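Have a look at the structure below before the remarks.
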Amino acid sequence: MTETLGPQQAAVDDTSSTWHRILCKVGLVYLFSRLCVLAGAAIVAVELQADINQVKGIPNVPFPDPHIAGRPLPSSALAPISDVLASWDGIWYLRIVRDGYPRHVQEHVTYFVTDARAAFFPAYPMLVRAVDKILPGGDTLAALFSNFILGAIAIFLLGVMARQLYGEQVAAKAMVLGAMFPGSFVLSFAYTEALLLVVAMGCLWCLMSKRWVWAGVLAALGTATRPNGLALVLACAVASFLAIRNERDWRSLAAPILAPAGFIAFQLWLGQHTGEAGVWFRVQAEAWGEGASYGLTAVRKTFEAFAHPLTSSTNVITAASVMTMLLMLYFLWVKRLPLPMVAYTAGILALMLVPNTVTARPRFLYTAFPLFISAAAYLHEDRRDWWPYVIGACSAGLVTLTALYGVFGAIP
């Protein structure tokens, strides 16, 4: 006897089937976005290999120092692209994977000594070290594979959150934006943003579903991953305040209490490990020249980009990041999100703009992922005709950005 499905069950099955098809299509978009990054990295690899060959062909010119613009030249013809994907910050994280943290940080430490790796947080190197024990091929492959998987999880979680707030069609656009946004190149580099995105999304999901302890634990992982993970502390504090004010839910305090534990634990451990309390702050100031400009650096570089166009790729990237941030903040103003999400976004953007040296960048803006949800809602409901142009610009930007800073030395 054939069982006939009721209207409600049929609607549920149809919704599930639609969501499954959306995820399959987005999966293909994610793969395409990674190919865009590989194309940009290939441009860098070819350029660097050409530089090597040119220098080798000049008599009486010694082979240059292997570190140019903070990253190694391709080490062999077999792995030039992986060398690019493990460049810049990836070099430092892989040094931690291989050698751990320094036992002592020299006085007046500079960027050119390995002691400077004390400026980088431990969660990602710990993950890579664990994956390296399971996956054959070495720690570089483990780092890149980990981020490929973390990136896919982050795109999926972005869709789940957008679906809950605005429905499946907005969720589809949010996931495509997340995959194709130029700053998403970090999902294919040996960087920490992919891990931060996954734990941050998990934390905000737990905050919205009032799983306070889990939210605090995930936030603690975030604050042990990157300095801007501290934005999760603000999100937890806002969520707890709302829960106490509206429902007298004092259990919510678990989230903001646990949230900074990762940052604090790392600072205490590093101080004990090196024998110097507060050494992380000294390395940041001495090796990386970091200070506070409270947004003035971003404003100055943006004006310089317009006043003297095409003279500095770093200024162009900064200006593009600032303009994109303002546009996406407008989307956020029009399409409101839950306050914990807004608080997290505000924290990320503030921590992006405050530093004096490295300011507005696509990869920092990318970690403010709630902006993609509000942007997707705006583009779906108010400006559907913009969508093809937005995706076209993102695709071109993803390839160009990957190649631009690699070839011309713009700070990523």
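All conditions in (1) open to solvent by less than 30 Å² (accessible area, probe 1.4 Å); (2) in contact with an Asp or Glu (Cβ under 9 Å, 6 or more places away or on another chain) hold for T297, with the sole exception of (2). Counting only helices (runs of 4 or more DSSP H) that sit wholly inside the stretch 253-293, those with at least 2 residues that are within 16 Å of G100 (Cα to Cα), open to solvent by 60 Å² or more (accessible area, probe 1.4 Å) and out of contact with any helix residue (DSSP H, G or I) (no Cβ under 8 Å at 6 or more places or on another chain) are 261-274.
Residue selection: F189 satisfies the criterion of being touching a residue at least 12 places away in the same chain (Cβ under 8 Å) and either open to solvent by 10 Å² or more (accessible area, probe 1.4 Å) or under 16 Å from V128 (Cα atoms) (or both). Tell me which residues, restricted to the stretch 79-119, are within 27 Å of G183 (Cα to Cα) and among the aliphatic types (A, V, I, L, M). Of everything in the stretch 79-119, those that are within 27 Å of G183 (Cα to Cα) and among the aliphatic types (A, V, I, L, M) turn out to be A79, I81, V84, L85, A86, I91, L94, I96, V97, A116, A118, A119.
What do you reckon, is F120 among the hydrophobic types (A, V, I, L, M, F, W, C) and either open to solvent by 30 Å² or more (accessible area, probe 1.4 Å) or touching a Pro at 6+ places or on another chain (Cβ under 9 Å) (or both)? So F120 fails the test. Say whether the condition of being in a helix (DSSP H, G or I) and polar (S, T, N, Q) is met by at least one residue in the stretch 356-373. No, that holds for no residue.
Taken together, A343, A320 contain a single residue that is over 21 Å from V238 (Cβ atoms), touching a residue at least 40 places away in the same chain (Cβ under 8 Å) and aliphatic (A, V, I, L, M), which is A320. Y101 falls short on exactly one of the conditions (1) part of a loop (DSSP other than H, G, I, E, B); (2) open to solvent by less than 10 Å² (accessible area, probe 1.4 Å); (3) at pLDDT 95 or above, and that condition is (2). Mind checking whether some residue in the stretch 337-351 is modelled with pLDDT under 95, more than 23 Å from T402 (Cβ to Cβ) and surrounded by fewer than 20 Cβ atoms within 10 Å (Cβ to Cβ)? Within the stretch 337-351 (the criterion being modelled with pLDDT under 95, more than 23 Å from T402 (Cβ to Cβ) and surrounded by fewer than 20 Cβ atoms within 10 Å (Cβ to Cβ)), the answer is no, since none of the residues qualifies.
The values are calculated or read from the model by the stated rules, or taken from the named source; none is laboratory data. Since this is a predicted model, take the numbers as computed values, not measurements. Reconstructed Cβ throughout: ideal geometry from the backbone, glycine too, with neighbour counts over all protein chains shown. Surface areas here come from the heavy atoms of the whole protein model, side chains and all, with no ligands, DNA or RNA. Shrake-Rupley method; radii C 1.70, N 1.55, O 1.52, S 1.80 Å.
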